[in-house]
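**Student:** Pasting in a structure now, in structure tokens, and then I'll have a few things to ask.
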Amino acid sequence: PEQTVTGSFASFIGAARPEQLSHTVRHRSKRMILDSIGVGLVGSTTRVFDIALRYCRLYSSGAVSSVYGKPGVKLSPTLAAFTNGVATHSMDFDDTWHPATHPSGAVLPALLAASQMLPPNTKPNGLDFLLAFNVGLEVQGRLMHFSTEAHDIPKRFHPPSVVGTLGSAAATAKLLSLSPAQCGHALGIAASLAGAPMANAATQAKPLHVGNAARLGLEAALLAARGMEANPLILDDIPGCSGFSAFYSVYQPKPLSAPSEHHEFLLEKQDIAFKRFPAHLGMHWVVDAALSVRNLLINYAGSFSPSLIRTILLKIPVSKYINRPFPSSEHQARHSFQFNACTALLDGEVGLGSFSESNIQRQELRELLDKVAVEHPKDNVANFDKMYGEVALLLHSGDVLTGKCDTFYGHWRNPLSKESLLKKFRSNASHVLPEEKIETIITLVDNLEDLSDSSQL
């Protein structure tokens, strides 16, 4: 079995050791964990989270795992993973990797729930938790690298619902110390539970994709631990019989080498993008470009005056689900190049409050949206590593002012500073937690390797 792709992944999960995590990998993954907790905490204030929580509280048996932002509320481990996953993606505020997926939200809620599920004398320590988290990231990243299709902004399946489900299964299988055979079956079971269509982007259903990835991956590991079996070749490319290849039109898998002393995790080579405001990652390019051209107009005219603008020209990649000229809901607004560019122009910022119904319906914003035209330059591809955002203001005077962004602040090529990441976390967490608890979480995550019981998180 080790000779197969699936067998190599299963062996990797079982063989990975904490000492194989480099300083860079530990540092980056702790930044991800802290950011994801903060995003989940502020996400616990949203309507879609409330809907998910009310549903999950119908099932109260085995309630041992905590829920973001709800002191005293416990759910069964799988439903806690689901609810906290929904919170994490409820505002589209969670981290993004390349190839494109939201890796932390699919894995962290499952590990938090599982760590509380285990008996007191078998609780994983912080280093075990950190290793399991990185195993979940590694499986997601490797699977995405098997397809050139995965490198571009998705058109068919939402990536965290696909690779995230298997990443969650791998991470919890590692945390639960499953055998290599059980790890392989967990991946196979997870593949049968994976997948969600992109048509549900920009709706309340999209956060369910991340919630389900966390929950169903955990369920897959728990089923495998109890003896359920699946196809031992699920990750292999078998002609005439689709396994994981069903999710990608081009799929060329390769075995994953057993981790050696000098194993280099993907997180070592590919850092993560952290969002500064709660919207689809593509919005961050056009917002930075819009803020740049806004400053040019202020310097040109002495103030930002929409009446001077005849046309707002956006040069963006072709991606239908984030090309929304007149969004009518908060979730559509989070997925609209036009809305985010015009909000940045009008307000000089985009933040949590930008997506409220009152802001979306503003007359002055609607008037700006009416002026937007879109072009798709051939060199602007729908790929988070290659795309750019350009916003040009064509003035009634005949002058043209242009702002362009190739790499926004928070992109893996221009990472958030420690100060910026902490500021984001404190701001998000302050919506539901007092200051002393916020600082406690920061300290716990910063010293995660030394934590004797990871369920304290």
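The values are calculated or read from the model by the stated rules, or taken from the named source; none is laboratory data. For clarity, every value in this text was computed on a predicted model and none was experimentally measured. Counting neighbours? That spans all protein chains shown, and the Cβs are built from the backbone with ideal geometry, glycine included. These area figures cover heavy atoms from the full protein model, side chains too; ligands, DNA and RNA do not enter into them. Shrake-Rupley method; radii C 1.70, N 1.55, O 1.52, S 1.80 Å.
**Student:** Among all residue pairs at least 6 apart or on different chains, which show Cβ distances below 7 Å where the first residue, located in the stretch 194-219, is more than 17 Å from residue 88 (Cβ to Cβ) and the second is polar (S, T, N, Q) and open to solvent by less than 30 Å² (accessible area, probe 1.4 Å)?
**Tutor:** 194/161; 194/165; 195/161; 219/78
**Student:** Determine whether residue 53 is open to solvent by less than 50 Å² (accessible area, probe 1.4 Å), over 25 Å from residue 225 (Cα atoms), in the same structural domain as residue 424 (by the TED database) and part of a helix (DSSP H, G or I). Step through it out loud before you land on a result.
**Tutor:** On the way: open to solvent by less than 50 Å² (accessible area, probe 1.4 Å): yes; over 25 Å from residue 225 (Cα atoms): yes; in the same structural domain as residue 424 (by the TED database): yes; part of a helix (DSSP H, G or I): yes.
Taking the combined requirement at face value, the residue satisfies it.
**Student:** For residues that are in contact (Cβ under 8 Å) with a residue 40 or more places away in the chain, open to solvent by 10 Å² or more (accessible area, probe 1.4 Å) and among the hydroxyl-bearing types (Ser, Thr, Tyr), tally how many sit in the stretch 171-184.
**Tutor:** Counting residues in the stretch 171-184 that are in contact (Cβ under 8 Å) with a residue 40 or more places away in the chain, open to solvent by 10 Å² or more (accessible area, probe 1.4 Å) and among the hydroxyl-bearing types (Ser, Thr, Tyr) gives 1.
**Student:** Now, a different point. Within the stretch 445-457, which residues are aliphatic (A, V, I, L, M) and over 15 Å from residue 108 (Cα atoms)?
**Tutor:** Keep residues of the stretch 445-457 that are aliphatic (A, V, I, L, M), which gives 445, 448, 451, 457.
Listed by number, the list holds a single entry, 451.
Yes/no matrix, rows are residues, columns are (1) surrounded by fewer than 24 Cβ atoms within 10 Å (Cβ to Cβ); (2) of a type in the set (Asp, Glu); (3) at pLDDT below 90; (4) not in a helix (DSSP H, G or I):
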position	(1), (2), (3), (4)
1	yes, no, yes, yes
10	no, no, no, no
14	yes, no, no, no
26	yes, no, no, no
48	yes, no, yes, no
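**Student:** Being in the same structural domain as residue 267 (by the TED database) and touching a Leu at 6+ places or on another chain (Cβ under 8 Å): is that true of residue 37 here?
**Tutor:** Details: in the same structural domain as residue 267 (by the TED database): yes; touching a Leu at 6+ places or on another chain (Cβ under 8 Å): yes.
Yes; evaluated as a whole, the condition is true for this residue.
**Student:** Sticking with this structure for a sec: What number of residues in the stretch 20-35 are among the small types (Gly, Ala, Ser), within 25 Å of residue 85 (Cα to Cα) and over 18 Å from the mean Cα position of the chain (by Cα)? Explain how you work it out, then say what you get.
**Tutor:** Start the filter on the stretch 20-35 by keeping residues that are among the small types (Gly, Ala, Ser), which leaves 22, 29.
Next cut, within 25 Å of residue 85 (Cα to Cα) only: 29.
Within this subset, residues satisfying the condition of being over 18 Å from the mean Cα position of the chain (by Cα) are none.
So the count comes out to 0.
**Student:** Would you mention how many residues in the stretch 325-339 are assigned to a loop (DSSP other than H, G, I, E, B), among the polar types (S, T, N, Q) and crowded, with 22+ Cβ neighbours inside 10 Å? First the steps, then the outcome.
**Tutor:** Here is the first cut: in the stretch 325-339, the ones assigned to a loop (DSSP other than H, G, I, E, B) are 325-329, 334-336.
Right, trim to among the polar types (S, T, N, Q) and you get 328-329, 336.
Checking the rest, the ones that are also crowded, with 22+ Cβ neighbours inside 10 Å come to 336.
Residues in the stretch 325-339 being assigned to a loop (DSSP other than H, G, I, E, B), among the polar types (S, T, N, Q) and crowded, with 22+ Cβ neighbours inside 10 Å: 1 in total.
**Student:** Let me ask something additional. I'd like the full set of residues that are over 16 Å from residue 309 (Cα atoms) and not in a loop (DSSP other than H, G, I, E, B), limited to the stretch 340-362.
**Tutor:** 340, 352, 353, 354, 355, 357, 358, 359, 360
**Student:** Here's a follow-up. Taking the conditions exactly as written (under 22 Å from residue 111 (Cα atoms) and more than 26 Å from the chain's Cα centre (by Cα)), does residue 211 satisfy them or not? Give the steps one after another, and end with the answer.
**Tutor:** Details: under 22 Å from residue 111 (Cα atoms): yes; more than 26 Å from the chain's Cα centre (by Cα): no.
Answer is no for this residue.
**Student:** Can you tell me which of (1) free of Cβ contacts under 8 Å to residues at least 60 places away in the same chain; (2) under 19 Å from residue 453 (Cβ atoms) is the one residue 154 doesn't meet?
**Tutor:** Here residue 154 clears every test but (2).
**Student:** Go over the candidates 317, 278, 255 one by one and state the one that is open to solvent by 50 Å² or more (accessible area, probe 1.4 Å) and not in a helix (DSSP H, G or I). Before you say what the answer is, go through the steps one by one.
**Tutor:** Values: 317 fails: open to solvent by 50 Å² or more (accessible area, probe 1.4 Å); 278 fails: open to solvent by 50 Å² or more (accessible area, probe 1.4 Å).
On inspection, the qualifying residue turns out to be 255.
**Student:** Just one of 322, 272, 360 is open to solvent by less than 10 Å² (accessible area, probe 1.4 Å) and assigned by the TED database to the domain that holds residue 25; which is it? Walk me through how you get there before you give the answer.
**Tutor:** Values: 322 fails: assigned by the TED database to the domain that holds residue 25; 360 fails: assigned by the TED database to the domain that holds residue 25.
Among 322, 272, 360, only 272 is open to solvent by less than 10 Å² (accessible area, probe 1.4 Å) and assigned by the TED database to the domain that holds residue 25.
**Student:** Can you tell which of 208, 187, 222 is open to solvent by 10 Å² or more (accessible area, probe 1.4 Å) and at pLDDT 95 or above?
**Tutor:** Details: 187 fails: open to solvent by 10 Å² or more (accessible area, probe 1.4 Å); 222 fails: at pLDDT 95 or above.
Unique residue meeting the criteria: 208.
**Student:** Regarding the stretch 225-242, can at least one residue be identified that is within 21 Å of the chain's Cα centre (by Cα) and in the same structural domain as residue 106 (by the TED database)? Please lay out each step first, then the result.
**Tutor:** Of all residues in the stretch 225-242, those within 21 Å of the chain's Cα centre (by Cα) come to none.
Within the stretch 225-242, not a single residue is within 21 Å of the chain's Cα centre (by Cα) and in the same structural domain as residue 106 (by the TED database).
**Student:** Read through the list (1) assigned to a helix (DSSP H, G or I); (2) modelled with pLDDT of 95 or more, then give the number of the only condition that residue 235 fails.
**Tutor:** Only one criterion is unmet by residue 235, namely (1).
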